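Below is one structure, written out as structure tokens; the observations come after it.
The values are calculated or read from the model by the stated rules, or taken from the named source; none is laboratory data. Owing to the predicted nature of the structure, the values given are computational and were not obtained by experimental measurement. For neighbour counting, all protein chains shown are included, and Cβ atoms are generated from backbone atoms with ideal geometry for every residue, glycine included.
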């Protein structure tokens, strides 16, 4: 209960103080327990190993990451999560975790803003957890500069803004480099 309250207070502070960011300044950080426990594929090194079968939330999170051009990483624990944050150097993190891991992750990354979306644990802790994709998307939209919303990208490109197209092209390359470094 205390950890849940800590996450709520943190989120309120982040909502009031954090600005708006470009997609490449943001990080989607997910726990590996969102992946289906019976899945044979290893996603912690590269989300591109996912076959998108739809049996866990990962395929929807990858689609969200691609749609908004925000880097998505899956961590097996706090040490890997910290390494990802150090390698990526984001200005804003939207993270999914349980209360315990979220509370410690927020403290570990301070003063970096972390907006936490708590996962649900229908099968108990650390096993086949779930997350409301809509909540993750709402958080992305709240902290992203509106010009980078998917529905606005065509307008930007029509106006001659090549920067948004470059972000999309670099997303896969950057993801591969971080995965190889981990």
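Just to verify a result, which residue in the range 133-182, among those that are in contact with a strand residue (DSSP E or B) (Cβ under 7 Å, 6 or more places away or on another chain) and at pLDDT 95 or above, is farthest from residue 45 (Cα to Cα)? Among residues in the range 133-182 that are in contact with a strand residue (DSSP E or B) (Cβ under 7 Å, 6 or more places away or on another chain) and at pLDDT 95 or above, the one farthest from residue 45 (Cα to Cα) is 145.
When the residues of the range 113-130 are filtered to those that are under 16 Å from the mean Cα position of the chain (by Cα) and crowded, with 16+ Cβ neighbours inside 10 Å, the one that is nearest to residue 141 (Cα to Cα) is 115. Evaluation of residue 116 against the conditions (1) over 21 Å from residue 17 (Cβ atoms); (2) at pLDDT 95 or above; (3) touching a helix residue (DSSP H, G or I) at 6+ places or on another chain (Cβ under 7 Å) shows that the sole unmet condition is (1). Examine the range 113-131 for a residue that is without any contact (Cβ under 8 Å) to a residue 24 or more places away in the chain, in contact with a strand residue (DSSP E or B) (Cβ under 6 Å, 6 or more places away or on another chain) and outside any strand (DSSP E or B), and state whether such a residue exists. No; the residues of the range 113-131 include none that is without any contact (Cβ under 8 Å) to a residue 24 or more places away in the chain, in contact with a strand residue (DSSP E or B) (Cβ under 6 Å, 6 or more places away or on another chain) and outside any strand (DSSP E or B).
Regarding residue 25, is this residue at pLDDT 95 or above and more than 16 Å from residue 102 (Cβ to Cβ)?
Judged against the criteria, residue 25 is a match.
Residue check, residue 39 against (1) crowded, with 16+ Cβ neighbours inside 10 Å; (2) touching a strand residue (DSSP E or B) at 6+ places or on another chain (Cβ under 9 Å); (3) within 22 Å of residue 126 (Cα to Cα), all met but one. Which one? Exception for residue 39: condition (2). Filter the range 136-152 down to residues that are surrounded by 15 or more Cβ atoms within 10 Å (Cβ to Cβ) and part of a helix (DSSP H, G or I) and give me whichever is farthest from the chain's Cα centre (by Cα). Looking at residues that are surrounded by 15 or more Cβ atoms within 10 Å (Cβ to Cβ) and part of a helix (DSSP H, G or I), I get 147. With respect to (1) under 30 Å from residue 152 (Cβ atoms); (2) surrounded by fewer than 16 Cβ atoms within 10 Å (Cβ to Cβ), the lone exception for residue 55 is condition (1).
Out of curiosity, is residue 101 buried (at least 22 other Cβ atoms within 10 Å of the Cβ) and at pLDDT below 95?
yes
Taking the criterion of being modelled with pLDDT of 95 or more and touching a strand residue (DSSP E or B) at 6+ places or on another chain (Cβ under 7 Å), the residues of the range 42-73 that qualify are 57, 61, 62, 65, 68, 70, 71, 72, 73.
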